[in-house]
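The values are calculated or read from the model by the stated rules, or taken from the named source; none is laboratory data. Being a predicted model, the structure only gives us computed values, none of them experimental. Positions of Cβ are backbone-derived with ideal geometry, glycine not excepted, and every protein chain shown enters the neighbour counts.
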Amino acid sequence: MSYPPELKSLIRFVEKTRPQRVERARRGESYPALTLAERQDRLTRFHPDYRAEAKRALSVGSNKGDRLPIELADLLESHSRLDLDEVRLDRVDVDTDVLIIGAGGAGTAAALEAVQAGASVTVATKLRHGDANTVMAEGGIQGATAEADSPCYHYIDAMGGGHFSNAPDLVEALVKDAPVAIEWLERLGVLFDKYPDGRMKVRHGGGTSRKRLHSCGDMTGAEIMRVLRDEARNRPGIRMLEFTPALELLLDERGQCAGAVLLNLETRELYIVRAKAVILSTGGLGRLHIQGFPCTNHYGATADGLVMAYRAGIKTCFLDSTQFHPTGAIYPEQNAGLLITEKVRGLGAHLLNRSGEEFLFALEPRDVASACIIRECSEQGLGVATPAGRSGVWLDSPMIELLHGEGTVRRELGAKYLQFQRFGIDISREPMLVYPTLHYQNGGLVIGVNGETSIPGLLAAGEVSGGVHGKNRLMGNSLLDIVVFGRRAGLAAAAYAREAGAPKALSLDHVRSFERELTEAGISDGKVGPMLLPNYAPEHIRARRVAMHVP
Amino acid sequence: MAFQDQVSIQFMGKTYRVSKDSTLMGALLETGWESARELGCLGGCCGTCAALYRLPDETHVRTGLACRIPVREGISFSLVGCYPCPEPVYDLTTIDDPKQALFDLFPEITGCHKCGLCVTACPQDIDVMRGMWCAVFGDYVSVADHFKHCVQCGLCARACRAGLRPIWVAAYARRVLERGQEPLVGGQEPSG
Ligand SMILES: Cc1cc2nc3c(=O)[nH]c(=O)nc-3n(C[C@H](O)[C@H](O)[C@H](O)COP(=O)(O)OP(=O)(O)OC[C@H]3O[C@@H](n4cnc5c(N)ncnc54)[C@H](O)[C@@H]3O)c2cc1C
Ligand code: SF4
Ligand code: SF4
Ligand code: FES
C-alpha cells in the first residue's frame, strides 16, 4: 500500500527542489514569514473559524447570544439524559472529599496533588484510565528551563500566539509554574530527552522565541500519562471508577457544587457521588467533527464537561475558535486525520505544493499555517489529490535526514515512522501528504488561577477550561497547562474540601431551570447530552435502532 | 457504497461487509458496533484495542492494534480486551535497592525461557525478551530505551507462558531510572 504511481510521479517534483531547499536551510535561510496584514487576509479568507455560516448564536444560558460552531451550540442546548423526576438523590453511593471527573493528564495530576494534600479522592472517567488526548500528545511540553530562556519570554510568546487575547493572570501562572512542573514530572519518573551530560534537550516549536520544548521522543504525552497513571495506581487514597462517565453535576442547598451523577456504562446503573469539591477535567471536543473535519482526538473527546457545566451556569470563553492542526495525515486513507506532529517542521521539514515549491514559512502559527494550506489547495489550485478524493500538500520529512544525519527520523519520530511503515511508506525517504485537521479546543470554561469557577466548590482544569491560550494555543503549552492547572486545581480542591462543610441536600434544580429555559426558547428537538460516545454508525443503521432494554 | 469498494471481514465469527480503505476498528464502528472498552485513542497510542487476527492465506494468528491494521478481504479477528496482568503496588520514594525490588515485585521475571513469543506479539516492534533480560541484569538504561514506544497493550504478557508482566516491568524500570538521577535544568543545543 505504498504510494500509487500517480503520487510517486508527483514526489519527483519534491525530490527535484530538495537539494536547493536543503542548501538554503543549511545557510539558515527560510521562506519569508507573512506580514501581519497578510496573515489577517489568509485567516479571514481561508480559516474555517471565519466561516460565518458554520456558526450560530446560542439562545439560552450564560453565553446567550454568542456565536459558536453549530455542532457545539446544538450540544450546549441539549436536554439532560436523566429523568429528573425519577433520579433519587437521597441514596448516596460514594462520599468523598474531592471528586475528579475525567482521568486524562489534568485529572490525574489533580488527583495526585489532592491525595498528597490529605483529601480522599474519587476519580470518575469515561473510558479506561488514561485513554485521553493526553496519551496522544507527541511533540512536547514547554517550560523555560534553559539558560537563555526565562518565564518572561515564555509569557510573551504565549500571549503572542493567542493574539494577546489570553487571560494574563492565567498565562502568568502557566509560565511561572512551568519549570517546577517539569521538575515534578521528572521526579515522578518521566524520561525526557537529554544530552549525554544530562542536560535537557530543548527545541523550538511554532511561535517560540527560545528553545523550550521538552520531549520524550515523539511520545511525550504517552510517557507523561504512563507515569502519572502508574503513580495514581500506587496511591491507595485514590479511588478510580473507570467506564463511569458523569452525566450531571449536583449542587447543594447553598448553591455550591456537591457531587455528580455518574453512569456505569457496563451495567447502566446510576451512581450518586457526594463530594465537597469537584474538578472537571473532561478534555476537549474533537469528536464533534466541527464542519465535518476529521480529527486527531481520542474517542471520548465529546465536550461532556462543557455541557454539564453550562447547565450549571458556568460561563465559557473563546469557544468560537477551534484549533485546526495544519498537518493531519490524508494518505493512506486509514491514517486520515492522524496528527503529524509540529516537531517534523521543527526539525526542518518544508511544506510543499503540487509543484514541489514552498508556499509558506513552515513555522507560522497554527491557524495561519492551516489557512495557507487550505488556500494552496483551493484558490491556488496547487493541492495534491489522493485516490480517495482528498486534497493536501507535501510535508518533506526526508529533508530531516539530510539536515540532521541519517537515522534522525527513526530516532526522533519513531512512533510516526511506525505508523507509516505499516502501510509501506518510509517517511525518512518519502514525504507525507497532509491537510489541516481538527485538533484542539482553544477555549472552554472560564477559570481563575487555581481552576476555580463561578460556582464555589467547582473547579476545572485542562482542555475543558479556557483563557490560558486565548484564541490560539502554541504547541507544548497544553501539556504544560494540564500539569500546571491540574496540580493547582488538585491543591485548591483539597484545601476547599477541608474548609467547606459537608453538603446536605443534593439537588438537580439547576438542570430543571435550564430545561425550562430551553422550553421557553422553543428548543424541543429531543437532542440529549452529554454525548458520551460519538456515533459512527451510518444513517441507515441509526434510523432503525431501538433501545434494547424496556423497563 | 459500490460493491467493489467493500471487503468481507469476520469479527468474532460473524461476517460483515465494510469499506476497503478502513482499519479493523474503523470497520467495526462502521457496522454500528459500540463499546467503551476496547478502544481509546483510535490512533495507535493507547494500546486498548489489542487484537488477534488471521489473514486468509495464512495458518497462524497474528496480533496487533485494531485501530492500525488495515482491513482486507477475508481477514478474521477478535479483540483481546484487558489481559489479566495485575500491576504491583509500590512507592518509588521508599525503594532503596531498585534491583532487589525488581525481584520482589516481579518474582516471575527469572522464569523467562527465551522463547521469543513476546517479541512476535508486540505491535510496536519491541524486543521485549531482550528488554526483560536487561532488567534482570539491572541495565535499566537499556530497558528504558527498548520500551520507549510501549503502548501498554498487554499482548506480550498474553503471549508469555512463564507469566511475565513486561508492561509493568518496563514502567517500573523507566521510573526508577529517572528517580536515580538528580533533576537537571535544560540547556541550549550546543551551537555548531
Ligand atoms: C494527537 C494530539 C497531539 C497533541 N500534541 C500535543 C503536544 O505535542 N504538546 C501539547 O502541549 N499538547 C498536545 N496536544 C494537546 C494535549 O494533549 C491535550 O490538550 C491535553 O492532553 C488535554 O488533557 P486533559 O487532561 O485536559 O484532557 P484528556 O487528556 O483528553 O482527558 C480527558 C479525560 O476525561 C474523560 N471524560 C470525558 N468525558 C467524561 C465524562 N463525561 N465523565 C468522565 N470522564 C470523561 C475522557 O475519557 C478522558 O479520559 C495534543 C493533542 C492531540 C489529540
Ligand atoms: S511491550 Fe508489550 S505492552 Fe508494550 S507495546 Fe509491546 S506488546 Fe504491548
Ligand atoms: S514470552 Fe515470556 S518466556 Fe518467552 S521470551 Fe518473552 S518473556 Fe521470555
Ligand atoms: S485505540 Fe488506542 S491504540 Fe488503538
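Of note:
- Residue B:118 passes every criterion in (1) more than 14 Å from chain A (Cβ to nearest Cβ); (2) away from ligand 2 (no atom under 16 Å from the Cβ) apart from (2).
- Looking only at the stretch B:17-45, and only at residues there that are more than 7 Å from chain A (Cβ to nearest Cβ) and in contact with a Ser or Thr (Cβ under 7 Å, 6 or more places away or on another chain), the one that is farthest from residue B:68 (Cα to Cα): B:17
- Just one of the numbered conditions (1) buried (at least 20 other Cβ atoms within 10 Å of the Cβ); (2) more than 11 Å from the chain's Cα centre (by Cα); (3) within 16 Å of ligand 3 (Cβ to nearest atom); (4) of a type outside the set (Lys, Arg) is not true of residue B:85: (1).
- Candidates are the residues of the stretch A:442-478 that are under 17 Å from the mean Cα position of the chain (by Cα) and either within 14 Å of chain B (Cβ to nearest Cβ) or charged (D, E, K, R) (or both); the one that is nearest to ligand 4 (Cβ to nearest atom) is A:463.
- Hits in the stretch B:127-149 (condition: in contact with a Cys (Cβ under 8 Å, 6 or more places away or on another chain) and within 14 Å of chain A (Cβ to nearest Cβ)): B:140, B:142, B:143, B:146, B:148
- Every pair of residues 6+ apart whose Cβ atoms lie under 7 Å, when the first sits in the stretch A:322-335 and is in the same structural domain as residue A:416 (by TED's automatic domain parsing) while the second is within 16 Å of ligand 2 (Cβ to nearest atom) and not hydroxyl-bearing (Ser, Thr, Tyr): A:335/A:419
- Checklist (1) surrounded by 23 or more Cβ atoms within 10 Å (Cβ to Cβ); (2) in contact (Cβ under 8 Å) with a residue 40 or more places away in the chain applied to residue A:175, failing item: (2)
- Subset of the stretch A:131-152 [part of a loop (DSSP other than H, G, I, E, B) and either facing another protein chain (nearest Cβ under 7 Å) or hydrophobic (A, V, I, L, M, F, W, C) (or both)]: A:131, A:132, A:137, A:144, A:145, A:146, A:147, A:148
- Hits in the stretch A:424-441 (condition: under 11 Å from the mean Cα position of the chain (by Cα) and of a type in the set (Phe, Trp, Tyr)): A:440
- Residue, nearest to ligand 4 (Cβ to nearest atom), within the stretch A:207-232, restricted to residues that are surrounded by fewer than 24 Cβ atoms within 10 Å (Cβ to Cβ) and among the small types (Gly, Ala, Ser): A:217
- Residue within the stretch B:75-82 that is at pLDDT 95 or above, assigned to a loop (DSSP other than H, G, I, E, B) and more than 16 Å from ligand 3 (Cβ to nearest atom) present: yes
- Restricted to the stretch A:188-279, the set of strands (runs of 3 or more DSSP E) holding at least 3 residues that are touching a strand residue (DSSP E or B) at 6+ places or on another chain (Cβ under 8 Å) and under 24 Å from residue A:414 (Cα atoms) comprises A:200-203.
- Qualifying residues in the stretch A:300-332 (those that are within 16 Å of ligand 4 (Cβ to nearest atom) and among the small types (Gly, Ala, Ser)) - the one nearest to the other protein chains (Cβ to nearest Cβ): A:300
- When the stretch A:500-551 is filtered for residues that are within 17 Å of residue A:260 (Cβ to Cβ) and either in contact with a Cys (Cβ under 8 Å, 6 or more places away or on another chain) or within 14 Å of another protein chain (Cβ to nearest Cβ) (or both), the ones remaining, listed by number, are A:530, A:531, A:532.
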